[in-house]
1. What are the semi-axes of the equivalent ellipsoid of the stretch A:1-134, taken as the square roots of 5 times the eigenvalues of the Cα gyration tensor, listed largest first and rounded to whole Å?
2. Per 20 Å bin from zero, what fraction in whole % of the C-alpha pairs of the protein assembly as shown is there, up to the bin with the longest pair?
3. Would you mind counting up the charge near B:GLU260? Only other residues with Cβ under 15 Å from its Cβ, with Lys and Arg at +1 and Asp and Glu at -1.
4. Hey, can you grab everything whose amide H is under 5 Å from the amide H of B:LEU69? Only 5+ residues off in sequence or another chain; H modelled, so Pro and N-termini drop out.
5. Semi-axes of the equivalent ellipsoid of the stretch A:4-289: what are they in whole Å, largest first, if each equals the square root of 5 times a C-alpha gyration tensor eigenvalue?
6. With a cut-off of 8 Å between alpha carbons and a minimum separation of six or more residues, what is the relative contact order of the stretch B:1-110 in percent?
7. Need one value for B:267-279: mean number of C-beta atoms belonging to other chains within 10 Å of its residues' C-beta atoms.
8. Please list, by residue number, every one of the trypsin sites (Lys or Arg not before Pro) in the stretch A:23-120 that is coil in DSSP and has at most 10 other beta-carbon atoms within 10 Å.
Number of protein chains: 2
Amino acid sequence: MISKEQIAADYSQIQDEICSGLELVDGLGKFQEEVWEREGGGGGRTRVIQQGNVLEKGGVNFSAVEGKLPEPVKKVFKVDEEDFFATGVSIVIHPNHPWVPIIHMNIRYFEMSDQVRWFGGGIDLTPHYVIPEDAQFFHQYLKSVCDQFHADFYTKFKNWADDYFFINHRAETRGIGGIFYDRLTPESAGISWDEIFNFSKAVGRSFVPIYSELVNRNRIKEFSEQHKNWQYQRRSRYAEFNLVYDAGTKFGLETNGRIESILMSLPPQANWVYDYQAKEGSLEQQTLDLLKKGINWV
Amino acid sequence: MISKEQIAADYSQIQDEICSGLELVDGLGKFQEEVWEREGGGGGRTRVIQQGNVLEKGGVNFSAVEGKLPEPVKKVFKVDEEDFFATGVSIVIHPNHPWVPIIHMNIRYFEMSDQVRWFGGGIDLTPHYVIPEDAQFFHQYLKSVCDQFHADFYTKFKNWADDYFFINHRAETRGIGGIFYDRLTPESAGISWDEIFNFSKAVGRSFVPIYSELVNRNRIKEFSEQHKNWQYQRRSRYAEFNLVYDAGTKFGLETNGRIESILMSLPPQANWVYDYQAKEGSLEQQTLDLLKKGINWV
């Protein structure tokens, strides 16, 4: 089994690769780095890009923290162990362009002193307007990554994402899903620790090619004020999901994590319009019709 | 003891009075009404005002619902009873003007078939910029309402509001508080049911004179883009509180309440700026310095 130091080192390198890749595709924005230490052990590097050509607000966080597990977390994880180590890379990008999708990616590793350990992560897309060809490209790409490691991964993790990224009170998905996995071990995954680790790195390294393609396909499109207003409304649903349901956000808020790093995922601007009703047959209604679980995009 | 029908009727009348009063002070906006019925029993009248002279987005809701208590609510309330009745008036106003404060008011009555019953409610203020004279006026007015019913009410309910309207992850209060009370009974309040009911109506009827005064004091002030940006940022904290902590919102989301009525409290536009730091000595910093528990405004 690979050491936790090795996992943290590789994840940290993936953060570097992703930041370089995103700066390249944006062409203007540059990441600002904030290195922080965690009271209790470890720390991280928060990197934020703002006011780029396309990337309006985005963060690529790396952290490797350790210490004693806070009580509320022990309850959620249903473990008694005290000492933990966790490392991961976490990304959210809010583009300024309404035809370019919001994207989220996370890869993470967690272990406790009694050798209980697991990998988690995923990548999912939240288009303001769902474009079927882009959704197909996105899911097909993820399937090809998954298929390299296990024939069952894509279907299993795609369904998991549908269930996870669900705004229960709106009865709609946050976006078009992607893949989501948690507590992956050789027992649950059917592949070795080394392969699970390689899978998580492959997920991390799929981020730049996927998002570059989606940015470049759509950044050239014209848009109107109506499209912008819709974008701000969709962002408010994103904020609702993250503040009400997202496990990582809740975890961070309850354990006194670094607030600005945790809430970096929130949109630069979000609008709530009372009782908005999309017009029948409109692009907005077409998008709402596709925010459902169980759509097969591949 | 007054009947639940009487309480609902008086609360409904208070909704009417408040809507008339708010239209008068705004001078342009008119409330749009939506009457709804609840599956399981009862219903309500949601009234929303948008794009007024000062009132950018506001709602004044009345509801009187009854039926079987949902399981999650039974757990929260720690009761076994099945049949319940609840009525109340709930208000949130987001003004367009950064010097006019956001305001929230709620009066509510709850009873179960075994005669367990209580009143709850309160009124609190969230200025984008805290103006000490306005805060004093606001708290002094609430104290004068409370003092008519019990000498201890103001201090007790003011401290309760400080504790309740607290954004734990930011370590700041949502605004400058006000009064908050819950599960008021003759036993806990030290006054009769009739007097508790009269107190709740006095709270409801304090809304229009208080808010009219605060609107008229500030609507004439000039403001800049910087003030607007700050307003949008403060609104994002308001959204965070409501989505992460507010008991009424959680209650509504978990019990399949009418989503648009519940989330009517969310601001028309909210901005999240990464790691915003107010300048030392700035008006923004002065406001942040006053978002603390335990400030004595009277």
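1. Equivalent ellipsoid semi-axes, largest first: 31, 17, 13 Å.
2. It works out to 19, 49, 29, 3, in whole percents.
3. Surrounding charge for B:GLU260 is +1.
4. Amide H neighbours of B:LEU69, under 5 Å, 5+ apart: B:ASP83, B:PHE84.
5. The equivalent ellipsoid of the stretch A:4-289 has semi-axes of 30, 20, 19 Å.
6. 22 percent
7. Per-residue shielding by partner chains comes out at 6.
8. Answer in residue order: A:LYS78.
Only the coordinates and a few stated rules stand behind these numbers; no lab work does. These figures come from a predicted structure and were not determined experimentally. Here Cβ is always computed from backbone atoms with ideal geometry, including for glycine, and neighbour counts include all displayed protein chains.
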